[in-house]
1. Based on the Cβ-Cβ distance from residue 81 to residue 33, what FRET efficiency comes out when R0 is 22 Å, to the nearest 0.05?
2. According to a simple spin-label model (label point 7 Å from Cα along Cα-to-Cβ), what is the distance in nm between residue 69 and residue 43?
3. As I understand it, the value is the acute angle between the Cα axis of helix 79-93 and the longest principal axis of the Cα atoms of the chain; what does it come to in degrees, rounded to 10?
4. When you take every Cα atom in the stretch 33-95, what is the radius of gyration, and what is Dmax, the widest Cα pair distance, in Å?
5. Against the longest principal axis of the chain, how steep is helix 17-26, in degrees 0 to 90 to the nearest 10, with axes from Cα atoms?
6. How high is the relative contact order of the chain, given as a whole-number percent (alpha carbon pairs under 8 Å, six or more residues apart)?
7. Report, in debye and to the nearest 20, how large the dipole of the chain comes out about its Cα centre when Lys and Arg carry +1 and Asp and Glu carry -1 on their Cβ.
8. Scan the stretch 34-72 for trypsin sites (Lys or Arg not before Pro) in coil per DSSP, keeping those whose Cβ has at most 13 other Cβ atoms within 10 Å, and list them by number.
Amino acid sequence: MKCQKDGSSGCAIKDDMQTLYPQLKEADVIVLASPIYWFNISAQTKNFIDRCYAVGVGERNIFKGKRFVLGLVGSGAGQVNLLNYCDYHLRNRYF
């Protein structure tokens with residue numbers, strides 16, 4: 001994975017996420033919200049979570065000990081399953 005390049009302190013991809021990483025590191029609480037599309041979070045929310053992998057695992061995990069709030073909005077079946085899925089993966093991946 002490009003973000004896990006040896007010696008990198010974050011993601012090797014130079015884009016707007018570089019300005020968000022320090023803000024995420026300084027935050028006491030991280031709030032993430034998404035509509036539910038076809039039993040899943042939006043593509044933009046999924047991309048954001050995936051891009052946080054560069055600073056959210058191993059020794060460079062900036063999320064350890066932070067509070068996290070996840071807001072999901074949708075109707076119909078599947079919301080509870082998606083909430084449980086997100087809770088499990090965010091806890092085991094980052095927090």
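Since every read-out is calculated from the coordinates, none of them should be taken as a lab result. What you see is a predicted model; the values in this text were computed from it and never measured. In this analysis, Cβ positions are derived from the backbone assuming ideal geometry, glycine residues included, and neighbour counts consider all displayed protein chains.
1. Details: r = 18 Å, r/R0 = 0.82.
The pair residue 81/residue 33 has a calculated efficiency of 0.75.
2. Taking the simple label geometry, residue 43 and residue 69 are separated by 2.9 nm.
3. 20
4. When restricted to Cα atoms, the stretch 33-95 yields Rg and Dmax of 12.3, 40 Å.
5. 80
6. Values: 96 pairs, mean separation 29.9, N = 95.
31 percent.
7. On the way: 12 positive and 8 negative charges, 32 e Å.
That gives a dipole near 160 debye.
8. 64
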